[in-house]
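Engineer: To start, I am sharing the structure in question, which I have written as structure tokens.
The values are calculated or read from the model by the stated rules, or taken from the named source; none is laboratory data. Quick caveat, the model's predicted, so the values are computed rather than measured. Cβ sites come from the backbone with ideal geometry, for glycine too, and all protein chains shown count toward neighbours. Note: areas computed on protein heavy atoms with side chains; ligands, DNA, RNA excluded. Shrake-Rupley method; radii C 1.70, N 1.55, O 1.52, S 1.80 Å.
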Amino acid sequence: MKNSVFLFFAFIYFSNLPAQTLNLYYESIVANTSSSNILNDLKAFEEFGVKQLGTSSLISTQNWISSRYQSLGYTDIVIQPFTHNNKTSNNIIITKTGTLYPNTFLIVDAHYDTINGPGTNDNGTGTVLLLELARLLKDVDTEYSIKFIHFSGEENGLIGSKYFVKNVVIPQKLDIKLVFNIDEVGGVAGMVNDTVVCERDLGNPKSNNEASDAATIILAHCMELYSNLKSEISHAYSSDYMPFEENGEIITGLYEKNISPVNHKSNDNLANMDATYFYEVTKGAIGAALEFSGAYDSSSKTKG
Ligand SMILES: [Zn+2]
């Protein structure tokens, strides 16, 4: 839901910073990212139509997402209802338990509700990226636990993510390592889409800004290591990481560099985005999620 906000802050070009090391294990997982899976999932998401709060399309999309996790073999799937303007909708929260820090969570999130159109870019891309990430990480050991969260109500004002922070994060004192938000990463058809924007926290409170900056630098490096894209760093705004940010959590996020002229319109569809670009964003994001979650190859570990 970003199109009403100006980009006030200058982009920082990133390639001059020292590079992180490529992890060959992560690279081998990223290499299994399936462009046909992604394309099929984007088409399926598009076919559900306009996913506004209170529509059967939104419910069908929710059922599609949760059934995908079930068929991947995930068992900890929570449907979290909330009500907004007398309309009930659901966040979908899937948890994968970490080996070393089971009570500390990497949250990877994307909203699946749309407004006015099918929202194939905003935010079918984030939705599908999470599905592919979850597929590739299913049997990978990670030191930290991961919560894959598909929020609803984003387009109505971050309703689902606000609800989750207020009703889960705060009362449960959830220990969050990082919130990694994916929103609208499909690029623009007919343009050269070769750069991804990595978003850091420049807002209040400022106590979490330095850690967000550090995580976003890691993200920008990973995007360049595990995809053929260039990275830029900008600031976070107007998406589901903001309620976490306001609660003092460390956040980062991805956003397209060429900003879709059709988001929130009836023709936010596959024909108006760049599926090849999205495939590259997905690869980079999977590399970053492996890094942030402390993924490791258990088969190569020797007993000391
Ligand atoms: Zn969005």
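Engineer: Going by the conditions given, is I38 open to solvent by less than 60 Å² (accessible area, probe 1.4 Å) and under 22 Å from N267 (Cβ atoms)?
Structural biologist: On the way: open to solvent by less than 60 Å² (accessible area, probe 1.4 Å): yes; under 22 Å from N267 (Cβ atoms): yes.
Considered against the rule, which asks whether it is open to solvent by less than 60 Å² (accessible area, probe 1.4 Å) and under 22 Å from N267 (Cβ atoms), I38 comes out as yes.
Engineer: Just to check your reading of the model, which residue among I79, I38 is free of Cβ contacts under 8 Å to residues at least 60 places away in the same chain and under 19 Å from the mean Cα position of the chain (by Cα)?
Structural biologist: Numbers: I38 fails: free of Cβ contacts under 8 Å to residues at least 60 places away in the same chain.
Going through I79, I38 in turn, just one is free of Cβ contacts under 8 Å to residues at least 60 places away in the same chain and under 19 Å from the mean Cα position of the chain (by Cα): I79.
Engineer: Another one. Going by the structure shown, is F14 at pLDDT below 95 and surrounded by 14 or more Cβ atoms within 10 Å (Cβ to Cβ)?
Structural biologist: On the way: at pLDDT below 95: yes; surrounded by 14 or more Cβ atoms within 10 Å (Cβ to Cβ): yes.
Yes.
Engineer: Also: Just for strands (runs of 3 or more DSSP E) wholly inside the stretch 173-284: which have at least 3 residues that are in contact with a strand residue (DSSP E or B) (Cβ under 8 Å, 6 or more places away or on another chain) and within 16 Å of the ligand (Cβ to nearest atom)? Reasoning before the result, please.
Structural biologist: On the way: elements: 175-182, 195-200, 230-235, 251-256.
By residue number, 175-182, 195-200, 251-256.
Engineer: Counting only residues that are of a type outside the set (S, T, Y) and assigned to a helix (DSSP H, G or I), which one in the stretch 285-299 is surrounded by the fewest Cβ atoms within 10 Å (Cβ to Cβ)?
Structural biologist: So, considering only residues that are of a type outside the set (S, T, Y) and assigned to a helix (DSSP H, G or I), the one surrounded by the fewest Cβ atoms within 10 Å (Cβ to Cβ) is E291.
Engineer: Looking at the stretch 86-112, which of the residues that are surrounded by fewer than 24 Cβ atoms within 10 Å (Cβ to Cβ), over 14 Å from the mean Cα position of the chain (by Cα) and closer than 30 Å to V262 by Cα is farthest from the ligand (Cβ to nearest atom)?
Structural biologist: In this case the residue turns out to be N86.
Engineer: Please determine, by comparing only the residues of the stretch 45-60 that are surrounded by 15 or more Cβ atoms within 10 Å (Cβ to Cβ) and free of Cβ contacts under 8 Å to residues at least 60 places away in the same chain, which one is nearest to A289 (Cα to Cα).
Structural biologist: Let us first name the residues in the stretch 45-60 that are surrounded by 15 or more Cβ atoms within 10 Å (Cβ to Cβ), namely 45-46, 48-53, 55, 57-59.
Now narrow it down to the ones that are free of Cβ contacts under 8 Å to residues at least 60 places away in the same chain: 55, 57, 59.
Values: T55: 32, S57: 29, I59: 28 Å.
In this case the residue turns out to be I59.
Engineer: Separate question: Counting only residues that are open to solvent by 10 Å² or more (accessible area, probe 1.4 Å) and either within 16 Å of the ligand (Cβ to nearest atom) or of a type in the set (F, W, Y) (or both), which one in the stretch 156-172 is farthest from D213 (Cα to Cα)?
Structural biologist: N156
Engineer: Please work out which one of (1) open to solvent by 10 Å² or more (accessible area, probe 1.4 Å); (2) in contact (Cβ under 8 Å) with a residue 12 or more places away in the chain; (3) farther than 16 Å from S239 by Cβ is the condition A214 fails and give its number.
Structural biologist: (2)
Engineer: Still on this model: Going by what's in this entry, would I115 be described as buried (at least 24 other Cβ atoms within 10 Å of the Cβ) and touching a residue at least 24 places away in the same chain (Cβ under 8 Å)? Even if it seems obvious, please write down each step before you answer.
Structural biologist: Working: buried (at least 24 other Cβ atoms within 10 Å of the Cβ): no; touching a residue at least 24 places away in the same chain (Cβ under 8 Å): yes.
So I115 does not fit the description; no.
Engineer: Run down I92, I79, I65 and say which single residue is of a type in the set (V, I, T) and assigned to a helix (DSSP H, G or I).
Structural biologist: Values: I92 fails: assigned to a helix (DSSP H, G or I); I79 fails: assigned to a helix (DSSP H, G or I).
Result of the check over I92, I79, I65: I65.
Engineer: Take K230 and tell me if it is basic (K, R), open to solvent by 50 Å² or more (accessible area, probe 1.4 Å), in contact (Cβ under 8 Å) with a residue 40 or more places away in the chain and over 13 Å from T252 (Cβ atoms).
Structural biologist: Numbers: basic (K, R): yes; open to solvent by 50 Å² or more (accessible area, probe 1.4 Å): yes; in contact (Cβ under 8 Å) with a residue 40 or more places away in the chain: yes; over 13 Å from T252 (Cβ atoms): yes.
Yes; evaluated as a whole, the condition is true for this residue.
Engineer: For the stretch 116-143, enumerate the residues that are outside any loop (DSSP other than H, G, I, E, B), within 13 Å of the ligand (Cβ to nearest atom) and out of contact with any Phe, Trp or Tyr (no Cβ under 9 Å at 6 or more places or on another chain).
Structural biologist: Of everything in the stretch 116-143, just one residue is outside any loop (DSSP other than H, G, I, E, B), within 13 Å of the ligand (Cβ to nearest atom) and out of contact with any Phe, Trp or Tyr (no Cβ under 9 Å at 6 or more places or on another chain), namely D122.
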